[in-house]
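Notes follow the structure.
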Amino acid sequence: MTTLNIRQIRTIINRNKQYEYIFNILGLLSMLVGIVTLLALIFDLFGDGLPRLSWQFITSFPSRKAEEAGILSAWVGTLLVMLVTATVAIPVGIASGIYLEEYARKNWLSDLIEINVTNLAGVPSIIYGLLALGVFVYGLNLGQSVITAGLTLALLVLPVVIVATREALRAIPNSIREAAYAMGATKWQMIWDHILPYSTGTILTGIIVALARAIGETAPLVTIGALTFIAFLPDPPITGQFPYISFAWLLAPFTVLPIQMFDWVSRPQAEFQINAAAAGIVLIALCLTMNAVAVYLRYRLRKKIKW
Amino acid sequence: MNIAKKNRLSPKVVRDLRERVIEFILFLAALSSVATTAAIIGILFYESILFFQKVSLWEFLTDTQWTPLFDNKHYGIWPLVSGTLVTTVVALAVAIPLGTIIAIYLSEFAPPIVREVVKPALELLAGIPTVVYGYFALLFVTPLLQTFLPDLPGFNMLSAGLVIGVMIIPYVSSLSEDAMRAVPTHLREGSYATGATRLQTALRVVLPASTSGVIAAYILGISRAAGETMVVAIAAGGQPNLTLNPMEPAATMTAYIVSVSLGDLPHGTLEYETIFAVGLSLVLMTLVFNIIGYFLTKRYREIY
């Protein structure tokens, strides 16, 4: 009787051990699916596009002939659009993060803003494109220009910057704030001289992630009517004559890397798809580098700071 | 001397004024998010109302064809809805099981070093531009699937859905893992004390205790999959097609918006207004998911 019981218990234990073993394998396999796909994607892209990637490819305008086409207008466009996005999204994002974390009183208005920020993060990016089409392109008559694209992407990544700022501020212990007040600092002096310098690293990480996302966004820019074929560069921002700085580029038509790639991948000819792969390598290198920097920063900050 | 002193504002007043001004500027910045939402809702409704003045809501909801760009115009939203639903379901069939298993594995089984390496590696999946995923779906996954599904057309919802699924794994796994890690250790210890194995603890204690967070992760995954644009625009084909078969080409709501936007649409025409009507439908659809999710998470919220 007892021996039978023990034997039963043993089989149960063995079965449970087997389940654990199976689950371990299942877990490893599931992670492999993600990682193998990532590797397959990168190898596929490099296999197709690397031979095409040359100095000539980076310094040429798009062309009807696939072999002569390049991404000059695309990467210059990406650079200019990112410039606008960063100048708008970083100050506004950090400012609203500071307001929500340090100033906002518990009332319906701050609740409303809170819920809003969370919900905006879940709105499909193409909806931002429709917003920009209605408001910036036709409402404010900014046209299908660099400034429209930059503002669109800025609105899109604003929630990311806000959330990152809030988390950075929340991580700072109250004793720092109290110490600043004890020395007679005003609220803003406390924030500007003490809280912000301590949280710069974490905020920076959030900004990099946000900009990496903005670089790869395609859908909202297609929606505002970004052109896919641009064979000229916008006016340079710095000119030889007085006043040396020109803002004409803000209203210039543009294309960006993801849109250039989308245009090439949508064409039936195989040569253009090779171009698409080459553009994809540049794009992916940009995004992954930025993400890697963010991961590294996060890792270093977490190790270094001890309150 | 005395008079000059009186006329000058005292430092305290200047200081208070400066503080007020700064707070007001910060408040304006915070309001920008509310303004964005208001503008989104406003523009979608405004243009949609113009659309529904010309096309009846009844036709929009009952017609089974969506051909606003052809001579024979039909404005039935269902082909776009079916395309969106099919790709979303395929994507979730990949992302939910894999994401959940990865989350359980990382939070309960994996040694810390594995977690430190795998989590950021998986998050890179979410950092890759979607247009690159589109390329991958069209030129790698579809040919691969065709080797054992010879009838599969070059454009199909299956490969688009599968690729979106892999793409949203990190959204599901990271958030679920955070929720599972937030489950207090004493619940696990209690379970181990009764003789439960790790797997039993994970499935019967940790997973139920973190349900609300896990559902929130699923809802985010659904929103991402339904709103994903470039992969479907590139790999699923552009023809609206009322079908529930993932092996067929079809257009989703987002893909339709892209395809219309590519042909420089004149402002104020009915074609221009269709994309806002479609956009509004998409937002309402994700809103419904979010509301369901909100009530589910509320229903399952555990208080430890």
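The values are calculated or read from the model by the stated rules, or taken from the named source; none is laboratory data. This one's a predicted model, so the numbers in the text were calculated from it and none came from an experiment. As a convention, Cβ positions derive from the backbone with ideal geometry for all residues, glycine included, and neighbour counts pool all protein chains shown. Heads up: the accessible areas ignore ligands, DNA and RNA and are worked out on the full protein's heavy atoms, side chains in. Shrake-Rupley method; radii C 1.70, N 1.55, O 1.52, S 1.80 Å.
Note on chain A: GNM, Cα springs under 10 Å; of A:Leu211, A:Leu26, A:Leu45, the largest mean-square fluctuation is that of A:Leu26.
The percentage of C-alpha pairs in the range B:60-129 whose separation is greater than 19 Å is 58%. Rolling a 1.4 Å probe over the protein heavy atoms leaves B:Glu189 with an accessible area of roughly 110 Å².
The 3J(HN,Hα) values that the Karplus relation (6.51, -1.76, 1.60; θ = phi - 60°) gives for the range B:138-148 are, in residue order, 6, 9, 10, 5, 4, x, 4, 5, 5, 5, 10 Hz. Gly and Pro appear as x.
Entry note, chain B: the mean residue ellipticity at 222 nm calculated from DSSP H runs of n ≥ 4, each adding -39500 (n - 2.57), is -23500 deg cm²/dmol after division by the residues and rounding to the nearest 500. Calculated translational diffusion coefficient of the range A:54-132 (10 °C, 1.306 mPa s; Stokes-Einstein with Kirkwood radius over alpha-carbon pairs) equals 98 µm²/s. Largest GNM mean-square fluctuation across A:Pro258, A:Pro91, A:Pro62, computed for chain A with C-alpha springs under 10 Å, falls on A:Pro91. Cross-link candidates for B:Lys119: which aspartates and glutamates have Cα within less than 18 Å, leaving aside residues fewer than 8 places away along the same chain? The qualifying aspartates and glutamates are B:Glu108, B:Glu177, B:Asp178. With the whole protein complex present, A:His194 retains an accessible surface near 70 Å², based on a 1.4 Å probe. Which whole-number percent of Cα pairs in the range B:223-273 have a distance greater than 19 Å? Value for the range B:223-273: 31 percent of Cα pairs lie more than 19 Å apart.
Toward the positive end of the charge dipole of the range B:101-250, with +1 on the Cβ of Lys and Arg and -1 on the Cβ of Asp and Glu, the farthest Cα among B:Ser191, B:Leu138, B:Tyr171 is that of B:Ser191. Look at where the Cα atoms of the range A:165-184 and of the range A:1-49 average out, and the two centres are 46 Å apart. For chain B, modelled as a Gaussian network with Cα springs under 10 Å, which listed residue fluctuates most, B:Ala250, B:Ala182, B:Ala216? Highest fluctuation of the listed residues: B:Ala182. Only Cα pairs under 8 Å and 6+ residues apart enter the sum, and on that basis the relative contact order of chain B stands at 25 percent. Computed from the alpha carbon atoms alone, the convex hull of chain B holds 250 Å³ per residue.
Pairs spanning more than 27 Å between alpha-carbon atoms, out of A:Lys106/A:Lys187; A:Lys106/B:Lys298; A:Lys17/B:Lys298: A:Lys17/B:Lys298.
Put simply, when B:173-181, B:199-207 are sorted by average Cβ atoms within 10 angstrom per residue, most first, you get B:173-181, B:199-207. Applying a length cut-off of 18 Å (Cα extent along the axis) and a mean Kyte-Doolittle floor of -1.0 to the DSSP H helices of chain B leaves B:11-54, B:78-104, B:112-127, B:157-181, B:211-227, B:270-300. With just the Cα atoms defining each centre, how far is the range B:91-126 from the range B:178-238? Give it in Å. Using only Cα atoms, the two centres lie 10 Å from each other.
The reciprocal of the average 1/r between distinct C-alpha atoms defines the Kirkwood hydrodynamic radius, which for the range A:112-175 equals 13.3 Å.
Looking at the range A:38-92, none of the chymotrypsin sites (Phe, Trp or Tyr not before Pro) sits in a DSSP loop with at most 14 other Cβ atoms within 10 Å of its own Cβ. Among the DSSP helices (H) of chain A, those spanning at least 18 angstrom by Cα along their long axis with an average Kyte-Doolittle hydropathy of -1.0 or more are A:2-49, A:72-98, A:108-121, A:146-170, A:196-216, A:270-304; this is a geometric and hydropathy rule only. Taking 19 Å as the straight-line reach from the Cα of B:Lys54, the aspartates and glutamates in range (excluding those fewer than 8 positions away in the same chain) are B:Asp63, B:Asp71, B:Glu271, B:Glu273.
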